Structures are given as structure tokens and as C-alpha cells.
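These notes are about the structure you will find just below.
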Amino acid sequence: MWTLITLRPLTLLLLLLLLQPLQLKILHKYVPLSAEEIEQFEDYLEEMRSTGPTLPTPKDVFKRRTIIDPERPLTDSNYCTDEIKMKNVHNRFRCVKEHFFLQISFEELQDICNNLFVSCKNGVKRCHRSRQSIKGVYCNLIEGVVMTDCVYESSYRQGQVLMTCRWQNDIQEVIPAYINDIMEMNDTIKEKHVLHGYFQ
């Protein structure tokens, strides 16, 4: 018996968990338990068998991290530092170098995924551009490496949004994935002139 315990502890533990009702009867026979203690023990065993908390979907994460409520002024200089902490925006607990918050509904953003592909800020032609002007805040990391130490410069922007989208299999929808830039009107006009050969 002792050899079984030392050689196969995981198998034995799984066997004991499967025999939970029998365990409870045996335990109750030798150790008098109150109804509350029995309930706590059953809850503990149920928690042990569960798969754990469900992770939020990419759609929910994007909404929580990007969409902002219109009540706070977008011109507040501490906007990014505060909101990034509140919305828990990080990359494995490290500060993100830049981030965008947008004042728009998720459904309107999702519609932008149906627009034609255009070049992203880095020149790769994988972004979608909004047709309408959208208000937002651009956050640029100026200090810190790990979460809670991150300090950001906040810049109010209004213009066309460049973003990437991706397919989310579990809900069978194309959803916004990453905000690449908010092109202010001056940027958009200059880009059109470059495309037509006015500026080099």
C-alpha cells in the first residue's frame, strides 16, 4: 500500500476525489462534523473538480480596455495614467508603450471592420479606417516598466481611427483587435496630398 502512495500519488488523489460521497461517509463516521462543516467540505470538493473561472472573451477584453465613458473630460492630463490602471491595461504586467481610448460604441467600431483595407501607421496594409471622426485619447508611456509604476502622457485626439480586426471563432464574428492610430484631420489631408503627389 505504501508503495502505491509513493509511486502514484496523483492517481490516488484522483481516485479519492471520485469517491467523494464515500469519503464523506467515512469521514463523518470517525470525525463528527456539523452540517456547516459538511457543506464547506462539499463546496471545497466541488471547487477542486471545477475547471476554474472562465476567461473573458477577446471581445469583452477589448471593450473594457478601449471603450470609455463620456463623463470624464478627455483633455485631463492624468487621463491615461488613471484609466490604464483602472482598466488594467498591461502586457503580462509590463507597461504598454502606447494605448488608445475611444469614445464610441463597440457596435460602431465593429462596423469599421467591414471597411476596405488601408495602410496602418507602420505601412502594412492590414488596417481598417473609420469614415467618421472619432474622439479619443492617445497614451504614450513616459515612465515605468511594470504595472502601477506606469506614467503616461495623455493627448486628446479627434479624427479617423485606424485599427486591425480579427475573427473570433466562438461567437463567429469579426471584432476589433487593436487600435493602430487616430489620424487627426491634418494627418488625413496630408496623406491624401502625398497619395496624389502634392507632397514628397
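The values are calculated or read from the model by the stated rules, or taken from the named source; none is laboratory data. Small disclaimer: the values here were computed from a predicted structure and weren't measured. Backbone-built Cβ (ideal geometry, glycine too); neighbour counts: all protein chains shown. Surface accessibility is based on the protein's heavy atoms, side chains included, excluding ligands, DNA and RNA. Shrake-Rupley method; radii C 1.70, N 1.55, O 1.52, S 1.80 Å.
Here are some notes:
- A search for C-beta distances below 7 Å between a residue of the range 150-168 that is under 25 Å from Phe93 (Cβ atoms) and any residue that is basic (Lys, Arg) and surrounded by fewer than 21 Cβ atoms within 10 Å (Cβ to Cβ), counting only pairs 6+ apart in sequence or on different chains, returns Thr164/Arg126; Gln168/Lys59.
- At least 3 residues being more than 22 Å from Pro56 (Cα to Cα) and either open to solvent by less than 30 Å² (accessible area, probe 1.4 Å) or among the acidic types (Asp, Glu) (or both) is the threshold, and among the strands (runs of 3 or more DSSP E) wholly inside the range 72-177 those reaching it are 134-143, 151-168.
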